[in-house]
Amino acid sequence: MTQHISSAFDRDLEGIQALIVKMGGLVENAILEGANSLEARDVERAEIVRKGDKVIDALEEQINEEAARVIALRAPVSKDLRSLLSVLKLASSLERMGDYAKNMAKRTAVLAETKSINGTDAALRRMSKEVQLMLSDALDAYVRGDAELAENVRQRDMEVDQMYNALFREFLTFMMEDPRNISACMHMHFIAKNVERMGDLVTNMCEQVIYMVTGEMPDEDRPKMDSTASAKLD
């Protein structure tokens, strides 16, 4: 009987895991497409990203319902319970990242009417690509139960923070040089900050993977390289 219950739980967990991977893939695509549509000032492409967020939201709801059902039906304990509780937080982080990608797409329509700020579109694309790669590795760490990989990804967020800091300084410079750049720079900064927050959400996911595998949250706070805390634009 115990073996039967364990096998049923494993099947349930595998199904939820597949939903997390599917949701993560959609979020990865939204990040990349959001950044590419922004760089190309492609409003139609951005609109596809914006509308796609509904699918991501629906997957989060499905994952939450499935996890609640399994908890009620199987009454898991120890590592099994940790796995399900971690799933809920992973889904929440992914849903929030989808919202940030949607916000990027929304601002593309506004920025399409403004002059491109030299080099910043490509810098935002590179920053978004780094976050997407971090997310891909975080999902791999989750599927494999690899706490070491999760910690490695967690530390990589410093690179995203450094990219954000560099962009922040560029925006300030462009605005001081020409007040006509202020509106575009404000929108671009909002997007950059959202991408930086996506990186934070990936690190939160990695912390959940570490907790799921080891039963403990990371001991040390993750180093933060955001030096703009005292001079926010948003």
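Scanning segment 72-83 turns up one or more residues that are closer than 20 Å to Asp137 by Cβ, modelled with pLDDT under 95 and open to solvent by less than 50 Å² (accessible area, probe 1.4 Å). All of Val202, Val195, Val209 fail the test of being within 18 Å of Thr108 (Cα to Cα), among the aliphatic types (A, V, I, L, M) and open to solvent by less than 10 Å² (accessible area, probe 1.4 Å), apart from Val195. Checking each residue in segment 108-132 for being over 15 Å from Leu167 (Cβ atoms) and open to solvent by 10 Å² or more (accessible area, probe 1.4 Å) picks out Ala109, Val110, Ala112, Glu113, Thr114, Lys115, Gln132.
Within segment 96-122, the set of residues being closer than 17 Å to Leu26 by Cα and free of Cβ contacts under 8 Å to residues at least 60 places away in the same chain comprises just one member, Asp99. On the stretch given as segment 152-177, residues that are surrounded by 18 or more Cβ atoms within 10 Å (Cβ to Cβ) and closer than 30 Å to Ala18 by Cβ total 5. Residue-level analysis places Ala46 outside the set of residues that are open to solvent by less than 50 Å² (accessible area, probe 1.4 Å), under 22 Å from Met134 (Cβ atoms) and either part of a helix (DSSP H, G or I) or in contact (Cβ under 8 Å) with a residue 40 or more places away in the chain (or both).
How do the pairs read when you match residues in segment 4-30 that are in contact (Cβ under 8 Å) with a residue 12 or more places away in the chain with residues anywhere that are surrounded by 17 or more Cβ atoms within 10 Å (Cβ to Cβ) and aromatic (Phe, Trp, Tyr), using Cβ under 7 Å and keeping only pairs 6 or more apart or on different chains? Once the first residue is in contact (Cβ under 8 Å) with a residue 12 or more places away in the chain and sits in segment 4-30, its partners that are surrounded by 17 or more Cβ atoms within 10 Å (Cβ to Cβ) and aromatic (Phe, Trp, Tyr) give Ile20/Tyr142.
Looking for something acidic (Asp, Glu) and open to solvent by 10 Å² or more (accessible area, probe 1.4 Å) - is there at least one such residue anywhere in segment 138-145?
Of the residues in segment 138-145, the ones acidic (Asp, Glu) are 140.
Next cut, open to solvent by 10 Å² or more (accessible area, probe 1.4 Å) only: 140.
Yes, segment 138-145 contains a residue that is acidic (Asp, Glu) and open to solvent by 10 Å² or more (accessible area, probe 1.4 Å).
Of everything in segment 84-95 that's surrounded by fewer than 20 Cβ atoms within 10 Å (Cβ to Cβ) and in contact (Cβ under 8 Å) with a residue 24 or more places away in the chain, which residue is farthest from the chain's Cα centre (by Cα)? Lay out the reasoning, then the answer.
Just the residues of segment 84-95 that are surrounded by fewer than 20 Cβ atoms within 10 Å (Cβ to Cβ), to begin with: 85, 88-89, 92.
Among the residues that remain, those that are also in contact (Cβ under 8 Å) with a residue 24 or more places away in the chain are: 88-89, 92.
Details: Leu88: 15, Lys89: 12, Ser92: 10 Å.
Per the stated criteria, the residue is Leu88.
Of all residues in segment 63-75, how many are in contact with a helix residue (DSSP H, G or I) (Cβ under 6 Å, 6 or more places away or on another chain) and within 24 Å of Glu95 (Cβ to Cβ)? Final tally of qualifying residues: 5.
Name the single residue that is modelled with the highest pLDDT among those in segment 1-10 being assigned to a helix (DSSP H, G or I) and loosely packed, with under 11 Cβ neighbours inside 10 Å. In this case the residue turns out to be Ser7. From the list Leu38, Leu19, the one residue that fits, being in a helix (DSSP H, G or I), more than 22 Å from Ala123 (Cα to Cα) and open to solvent by less than 70 Å² (accessible area, probe 1.4 Å), is Leu19.
The values are calculated or read from the model by the stated rules, or taken from the named source; none is laboratory data. Bear in mind that the values here come from a model prediction, so they are computed numbers and not experimental data. Reconstructed Cβ throughout: ideal geometry from the backbone, glycine too, with neighbour counts over all protein chains shown. Side chains are part of the model used for accessible areas, which takes the heavy atoms of the whole protein and leaves out ligands, DNA and RNA. Shrake-Rupley method; radii C 1.70, N 1.55, O 1.52, S 1.80 Å.
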